[in-house]
Amino acid sequence: MLKAKILFVGPCESGKTVLANFLTESSDITEYSPTQGVRILEFENPHVTSNNKGTGCEFELWDCGGDPKFESCWPALMKDAHGVVIVFNADIPSHRKETEMWYSCFVQQQSLQDTQCMLIAHHKPGSGDDKGSLSLSPPLNKLKLVHSNLEDDPEEIRMEFIKYLKSIINSMSESRDREEMSIMT
């Protein structure tokens, strides 16, 4: 059984924990409390299997605190990560700039492919949902960008996340198959 480690990173108060709980069908948190360090959520998704072989997959979603005081922990968090989801509050302009730093640290410096990264522009309840005006600078503009609004269209973000998980598992499965073939030859 494949086990994938996915990091949820991004600025403070961007909605990482709310999204992580929703996407893993964990408990709801009603009031804001900053994540201290990291929370690890383990889950399975019946819609995601390994390379259509029907083999189940397990996931660890690492909900990482956005406070820079935890930067010394980042190398340990990044170890053996298969994917990175960068969550930012689309309604806070400074979050867009911070997103570039998260991408640099967690994707580029770890030599992950852009396909292993997903950007989520999270819209908090009551903030509106202005999907059209969000422009990102390179290299972020090459990444998969999904808008989330858990009030207006929660299933859209769930379906996009499942697609992302499938791509991560397919990549892991292909890598494992190549490794097995190299051992046999």
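In the context of the full set of protein chains, the stretch 2-184 has a per residue accessible area of 51 Å² (1.4 Å probe).
Computed with the Debye formula from one identical point scatterer per Cα of the stretch 93-185, without solvent, the log10 of I(q)/I(0) at q = 0.12, 0.13, 0.14, 0.19 Å⁻¹ comes to -0.50, -0.57, -0.64, -1.00.
Shown in residue order for the stretch 3-10 are the 3J(HN,Hα) couplings computed by the Karplus curve 6.51 cos²θ - 1.76 cosθ + 1.60 at θ = phi - 60°: 10, 10, 10, 10, 9, 9, 10, x Hz (x for Gly and Pro).
Ranked by the mean number of other Cβ atoms within 10 Å of their residues, highest first, the peptides 106-113, 65-72 fall in the order 106-113, 65-72.
With Cα atoms as the point set, the chain shows a radius of gyration and Dmax of 16.4, 58 Å. Largest GNM mean-square fluctuation across THR35, THR17, THR99, computed for the chain with C-alpha springs under 10 Å, falls on THR35. Working ranking of peptides 5-11, 77-83, 119-125, 173-179 by packing, defined as the average number of other Cβ atoms within 10 Å per residue, highest first, is 5-11, 119-125, 77-83, 173-179.
Of the solvent-accessible surface of the chain, computed with a 1.4 Å probe over protein heavy atoms with every protein chain present, carbon and sulfur atoms account for 50 percent.
Ignoring lysines fewer than eight residues from LYS16 along the same chain, the ones with Cα atoms less than 16 angstrom from its Cα are LYS5, LYS124.
The values are calculated or read from the model by the stated rules, or taken from the named source; none is laboratory data. Bear in mind that the values here come from a model prediction, so they are computed numbers and not experimental data. Please note: Cβ atoms are built from the backbone with ideal geometry, for glycine as well, and neighbour counts cover all protein chains shown. Remember, those area values only see protein heavy atoms, side chains included, never the ligands or the DNA or RNA. Shrake-Rupley method; radii C 1.70, N 1.55, O 1.52, S 1.80 Å.
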